[in-house]
Amino acid sequence: MTLSRELRTPIGDDPDVEKTLPPPAAEFVRREMFWIAPVSLTTVVFTLYALLNPRWGADAAAILALPLGVISLVITIFIDRGRFRQPLLRIPPGRTVVWRLAAVAIAVGLTATVGLWWVQREPDPFDYLSGRVRIGYTSDQYSGWHTVGGSGHAGFDVSVAETLQRRFDFEVEWVRLDVLDDRMEALAGRWRDQQGNLQEPVKLVISNFSMTPRRAEEIDFAGPYFVDRQGYLSKTKARVLVDLPTDGALCVVEGSTSSEFLEVRGWSIVNRPSLDACVSDFKRNAVQAVSGDSSALAGYAVQQGLDPAQYIAFTSGAEEYGIGLPNNSPRLCLAISEALDKFLANEWTNAFGTNLKPLGLHITSGADDPNGLTRPTRTDACQQPEPWKQQ
């Protein structure tokens, strides 16, 4: 017994000549729903499942769309040419043009979907970090963090980059970023340096880069790999910020996180494009103090013969350093975070002792040690991807 009953009626006066009429509407709907319902339900369930797995869901959906689309088109062509005998696989009378237009629309839609995915997809991290990789760093000579001399690049950030080199097997091309804003622009695409020259983008930024919610709206971070504290270099001995007089000017780096807080406390704020420019003002007594990350200020203090433990005041809070990544890079973030977790567990202490301990910095011994720093135990979870945002 077939799924549908075909109604036959004689043509003219000859009872032997019959024509086939379409089945009643209710039966037609039931027949179509026999295969439309499970296919539609399966598609919806798979789509929802893919969306709930953003790390791979979009890729899986796009990859499956291509073979499924090809199979669908092949079946459509076979039906159009009458290759199937089953009534369910025949074009309804008078619907040939509509059928073909629908097939073309489906083909165009699938091709556009897969093409859009191909353009927008996040590359494999090992492909992205291969060959010669441009990594941005702050051009200031931050003792202990990143200095350039006769023996090349050295410092804690360089040790982090070397960890990634061993993991992904690439060659580093260090790119100078003269001001803070360059770090964001260089990750977003082509950018202009301070001389107005157009530069190619960088793939990573490793430059004691503080992870903040505002910055995370524009780029991604992997980290933290270091937790610093806001410090204030002054020629007045002080352990905490409230010990410093506020009747002078204090220099901060443009785009830093501390300006509003300091203005509330009564400081006269001077903004400079870099920490090096602030320290230059400090040397010639144009400002009474410099605000910055304590580990960077420690290097400048040592250069001027000032003991960081006595001449750098601290406030509460933390500055978490992360590796800057292009926006919407969850797979890259995950791969780099795995490498950073191994660095934190196996190499962090040695890198700290080699690069930062000589500056008078040390690991905190507890709440009674305001000048100590803490080692992060592991990286934070990576941001979820936002598939409709441009990379």
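The values are calculated or read from the model by the stated rules, or taken from the named source; none is laboratory data. What you are looking at is a predicted structure, and each value in this text was computed from that prediction instead of being measured. In this analysis, Cβ positions are derived from the backbone assuming ideal geometry, glycine residues included, and neighbour counts consider all displayed protein chains. Surface accessibility is based on the protein's heavy atoms, side chains included, excluding ligands, DNA and RNA. Shrake-Rupley method; radii C 1.70, N 1.55, O 1.52, S 1.80 Å.
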One checks the Cα atoms of segment 177-254 and finds Rg and Dmax, in Å, of 16.6, 46
Semi-axes a, b, c in Å (a largest) for segment 156-285, each sqrt of 5 times a Cα gyration tensor eigenvalue, come to 31, 18, 14
Per residue, how large is the accessible surface of segment 155-214? Use a 1.4 angstrom probe and give square angstrom. 46 Å²
Rolling a 1.4 Å sphere over the protein heavy atoms, what is the accessible area per residue of segment 219-328, to the nearest Å²? 38 Å²
What length, rounded to one decimal in nm, is gained on full extension from Val240 through to Ala318, with 0.36 nm per residue of separation minus their alpha-carbon distance? 26.7 nm
Going by average Cβ neighbours within 10 Å, how do the peptides 279-285, 217-223 rank, with the highest at the top? 217-223, 279-285
Ratio of the Cα radius of gyration of segment 229-342 to 2.2 N^0.38 Å, where N counts its residues: 1.22
Taking the Cβ-Cβ separation of Val270 and Asn346 as r and a Förster radius of 56 Å, what is the calculated FRET efficiency to the nearest 0.05? 0.85
Would you mind computing, in nm to one decimal, how far apart the modelled labels at Gln195 and Arg375 are, each placed 7 Å from Cα along Cα→Cβ? 4.2 nm
